[in-house]
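Some notes on the structure that comes next.
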Amino acid sequence: MARGRPLSQDLRCLLIYMGCHLHLEDVVKYSGIPRCTVQHTFEDHWIEGHARHTRIMEAQRRARKS
């Protein structure tokens, strides 16, 4: 990523949502978004992913029982 160039808002959001592949500190460093904002977004993204995984596992369990 080029240093010194401002990032578009879309790219900032993309960096955050790729969070599972990037370290939190790197996203903060390169995006210029405050750490607390990035961390909350990471947490929200993780919670959504965990909930989705739980729903899938429950559906698979129900399917096996039928």
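Here, each number is a calculation from the coordinates, and none is a lab measurement. Here the structure is a predicted model, which is why all the values come from computation and not from measurement. Because the Cβ atoms are built from the backbone with ideal geometry, glycine has one as well, and the counts that use them run over all protein chains shown.
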Checklist outcome for this item: Between His23 and Thr54, Cβ-based FRET efficiency (R0 30 Å, step 0.05) works out to 0.70
Item to check | Packing-based order for 46-56, 27-37, using average beta carbon neighbours within 10 Å, highest first | outcome: 27-37, 46-56
Item to check | Inter-label distance, nm, simple model (7 Å from Cα along the C-beta direction), His45/Tyr30 | outcome: 1.2
